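To start, the structure itself, in C-alpha cells.
The values are calculated or read from the model by the stated rules, or taken from the named source; none is laboratory data. Everything numeric in this text was worked out from a predicted model, so none of it was measured. In this analysis, Cβ positions are derived from the backbone assuming ideal geometry, glycine residues included, and neighbour counts consider all displayed protein chains. Surface areas here come from the heavy atoms of the whole protein model, side chains and all, with no ligands, DNA or RNA. Shrake-Rupley method; radii C 1.70, N 1.55, O 1.52, S 1.80 Å.
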Amino acid sequence: MRLLLDSNALIWAYERPSELSPAARAAIGETANERFVSMASLWEIAIKIKTGKLNTIGSSVAYLRDEMEAYGISLLPIRYEHILQLESLPHHHSDPFDRLLIAQALTESLPILSGDRAFANYGIKLVW
C-alpha cells in the first residue's frame, strides 16, 4: 500500500507511538508499504519548532528527516500539479498545510494516515 503520513502521524510515530492506533502503527511499520511525508509537513514542523510550539523533537527537522531515511519513508515534494489541485478544493478544511496534503493525496491517489476526520470530506481514504 502507498500512503501519506500527516504531520502528527510522523511525530507520533517517533515520539509517542502510543498515540497511534494499532492499524496506524502497523501501516507505518510495514516496510512493504510505500510511505511518504510531504515537504509541507516538514515545513509545518519546522515552523512549530521555531515558534516553540513543538520542542519534543529537538531544534531541527533534520532529526525527523534522518529517521525517515532510516525507516525508508520517502519525501513527497510539492509539485505544480498539487498546487492546481489545491486551487480547486472546496473549503472543508481551513489549515493551509492540511489543504496541501489533501491536494497531494488526491493528485497522487494516496490514502492519508491521519486522525483528522475532516480529510474524509474530500473523498480521501483515511488510515487510522
- Taking region 67-104 and keeping residues of a type in the set (D, E, K, R) and surrounded by 11 or more Cβ atoms within 10 Å (Cβ to Cβ) leaves GLU67, GLU69, ARG79, GLU81, ASP95, ASP98, ARG99
- Message: Looking at LEU54, LEU64, can you tell me which residue is out of contact with any Phe, Trp or Tyr (no Cβ under 9 Å at 6 or more places or on another chain), over 15 Å from LEU101 (Cβ atoms), touching a residue at least 12 places away in the same chain (Cβ under 8 Å) and open to solvent by less than 70 Å² (accessible area, probe 1.4 Å)?
- Response: LEU54
- Note on the structure: Taking region 1-25 and keeping residues farther than 18 Å from ALA40 by Cβ, assigned to a helix (DSSP H, G or I) and polar (S, T, N, Q) leaves SER18
- Residue count, region 103-128, condition under 19 Å from MET39 (Cα atoms), out of contact with any helix residue (DSSP H, G or I) (no Cβ under 7 Å at 6 or more places or on another chain) and not in a loop (DSSP other than H, G, I, E, B), comes to 2
- Query: Within region 89-101, is even one residue of a type in the set (S, T, N, Q) and touching a helix residue (DSSP H, G or I) at 6+ places or on another chain (Cβ under 8 Å)?
  - Reply: no
- Message: Given the options ILE124, ILE112, name the one that is within 11 Å of the chain's Cα centre (by Cα), within 24 Å of ALA24 (Cα to Cα) and open to solvent by less than 20 Å² (accessible area, probe 1.4 Å).
- Response: ILE112
- Message: Can you tell me how many residues within region 67-79 are assigned to a helix (DSSP H, G or I) and either touching a residue at least 12 places away in the same chain (Cβ under 8 Å) or of a type in the set (Ser, Thr, Tyr) (or both)?
- Response: 2
- Query: In region 80-102, how many are within 18 Å of ARG2 (Cα to Cα) and either touching a residue at least 40 places away in the same chain (Cβ under 8 Å) or outside any helix (DSSP H, G or I) (or both)?
  - Reply: 2
- Taking region 35-51, which residues are surrounded by 13 or more Cβ atoms within 10 Å (Cβ to Cβ), not small (Gly, Ala, Ser) and not in a helix (DSSP H, G or I)? ARG35, PHE36, VAL37
